Amino acid sequence: MADAQACATRVERFRALMSERGYDAAILRNNPDLRWLTGAERTFDDEVAHTAFVTADGLWLHTDSRYFGTFQSRLGADTPWRLDMDSVSPARWAARRIREARSRVVAIEDTCDLAFFDALGEECAKASAAALTPRLHGDIAGLRIVKDAEEVELMRHAQSITDAAFEHICGYIKPGLTEQQVRAELDGWMLSNGADSLSFDSIIASGPNGANPHAQPGERVIRRGDMIVMDYGAGYHDYHSDMTRTVCVGEPGDLQRKVYEATRAANEACEATVRAGVIGRDIHKLAHKVICEAGFSEYCFAHGLGHGVGLEIHEQPMFNMRNDEPIPAGSVITVEPGTYLPGQFGVRLEDFGIVCEDGYEVFTQSPHELVCIPC
């Protein structure tokens, strides 16, 4: 069961935002936000099946029979959440809460779909309930940027599984296997050794496929001399890890080694520079500078250098050219420069860790040295 005090603090942070904005209540349907506020671990899936109603002094959560028992178990008898599975639509349920609370300004997450929003208006009219409905434009996602101790510990644990999986898969890879076979082994190992989910669909991209940053594993057969980009992560109690390592099957050629070392230098220069207050764009530019000065400007990554990680695999904040905001202490964020030579191979090296006042504490423990698979 999640830490009750941690969840209470999260609720109070959100209520403080509501008070500052003048909201009487808020309607929430985004699963990661609900997981963060309730602490109901391993309860949410991909369905939008739950609706929360939050006021200054009340917490309500509507679900259905598929999840009700799990919520009861996860939240415990002392939960402040009033849980029900009334057989009404989420919109009608929310309209009832608005009427009963006599709310006049009810914020709604902008992740809610238009069908729900339209239905809510209709149900409020039927219930003779009128309220302004301003949008929560990612406000809870903003609150989730700074991680608490419980969140950090869950991600450290997820990464420990991910690191162990790297050691295992390096002993499994050999010429003649397909990318799909390697992915199946990697995913199965994580799920059999502590992970309760995968952070995302694992990427195994060999040879020329590695030049496509989000290539999907296929039937390509791994050969001696291939560079293999492996981007994957373990999930644990709804929190994620994210790591990329590039290995070589056999000994690398001179160009492969030079590209690898340029990418590694970019990663390590950025990690040595990150600390609270750095500007996201500046760290991104630093990685580009290192790779370009090594002579690979034509092949330098065009994706963002890094992204936040937590209940979602891509969260705020970002290391990219669009982010001119300072990165706060307590952010958990990746550093993942890449160098991609179309038709030949790619290299990416990704760690993730927490931004501290005086530096960047990396959770990832897998080595930065190029691993050469014996064959």
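Of the trypsin sites (Lys or Arg not before Pro) found in the stretch 1-64, the ones in coil according to DSSP and having at most 14 other Cβ atoms within 10 Å of their Cβ are 42.
Computed with a 1.4 Å probe over protein heavy atoms only, the accessible surface of the stretch 179-251 comes to 35 Å² per residue. Could you work out [θ]222 nm for the chain from helices alone, using -39500 (n - 2.57) per DSSP H run of at least four and dividing by all its residues? Round to the nearest 500 deg cm²/dmol. Estimated from H runs of four or more residues: -11500 deg cm²/dmol. Per residue, the stretch 28-155 exposes 47 Å² of accessible surface when a 1.4 Å probe is rolled over the protein heavy atoms with every protein chain present. Across every pair of non-identical alpha carbons in the stretch 316-363, the mean reciprocal distance, once inverted, gives a Kirkwood radius of 12.3 Å.
The trypsin sites (Lys or Arg not before Pro) of the stretch 62-100 that meet both conditions, a loop assignment by DSSP and at most 13 other Cβ atoms within 10 Å of the site Cβ, are 66.
Relative to the Cα centre, the charge distribution of the stretch 181-293, modelled as +1 at Lys and Arg Cβ and -1 at Asp and Glu Cβ, gives a dipole magnitude of about 400 debye.
Within the accessible area of the chain, what % is carbon and sulfur when the probe is 1.4 Å and the other protein chains stay in place? The C+S portion of the solvent-accessible surface of the chain is 49 percent.
Here the simple spin-label model places points 7 Å from the Cα toward Cβ, and for residue 3 and residue 16 these points are separated by 1.6 nm.
Using only the alpha-carbon atoms, how far is helix 149-172 inclined from the longest principal axis of the chain? Give it as 0 to 90 degrees, nearest 10. Once rounded, one gets 30 degrees.
Think of each Lys and Arg Cβ as +1 and each Asp and Glu Cβ as -1; about the Cα centre, that makes the dipole of the chain roughly 560 debye.
The trypsin sites (Lys or Arg not before Pro) of the stretch 232-312 meeting both criteria, a DSSP state outside H, G, I, E and B (loop) and at most 16 other C-beta atoms within 10 angstrom of the site's C-beta, are 275.
Each 10 Å bin from 0 upward holds the following percent of the Cα-Cα pairs of the chain: 5, 22, 27, 22, 15, 7, 2, 0. Size descriptors for the stretch 51-139, from the alpha-carbon set: Rg then Dmax equal 13.4, 36 Å.
Equivalent ellipsoid of the stretch 198-257: semi-axes from √(5λ) of the C-alpha gyration tensor, largest first, are 25, 12, 9 Å. When only alpha carbons of the stretch 111-198 are considered, Rg and Dmax amount to 22.8, 69 Å. The value for the stretch 1-96 of Rg(Cα) / (2.2 N^0.38 Å) is 1.02. Look at the dipole of the chain built from charges on Cβ: of 43, 230, 59, the Cα furthest out on the positive end belongs to 59.
Computed from point charges on the beta carbon alone (+1 for Lys and Arg, -1 for Asp and Glu), the dipole magnitude for the stretch 248-375 about its Cα centre is near 320 Debye. Put the Cα centre of the stretch 112-189 next to the Cα centre of the stretch 218-267 and the gap is 23 Å. Taking the chain as the reference, fit the longest principal axis to its C-alpha atoms, fit the long axis of helix 114-126 to the helix C-alpha atoms, and give the angle between the two in degrees, 0 to 90, nearest 10. Here the helix axis deviates by roughly 10 degrees. For the stretch 106-111, 3J(HN,Hα) computed residue by residue from phi via the Karplus equation (6.51, -1.76, 1.60; θ = phi - 60°) reads 10, 6, 10, 4, 6, 7 Hz, glycine and proline entered as x.
If you find the alpha carbon centre of the stretch 37-68 and of the stretch 270-334, how far apart are they in angstrom? So the separation of the two Cα centres works out to 34 Å. Both the radius of gyration and Dmax for the stretch 204-317 are 15.5, 45 Å, in that order, over alpha-carbon atoms. Ordering 147, 174 by accessible surface, largest first, gives 174, 147; the 1.4 Å probe counts only protein heavy atoms, with every chain in place.
Taking the longest Cα principal axis of the chain as reference, the axis of helix 4-21 is set at about 70 degrees.
List the pairs from 147/289; 174/258; 147/258; 147/285 whose alpha-carbon separation is above 32 Å, in the order I gave them. Violating the 32 Å Cα-Cα cut-off are 147/258.
The values are calculated or read from the model by the stated rules, or taken from the named source; none is laboratory data. Since the model is a prediction, treat every value here as computed from it, not as a measurement. Cβ sites come from the backbone with ideal geometry, for glycine too, and all protein chains shown count toward neighbours. Keep in mind that these areas ignore ligands, DNA and RNA; they rest on the heavy atoms of the full protein, side chains included. Shrake-Rupley method; radii C 1.70, N 1.55, O 1.52, S 1.80 Å.
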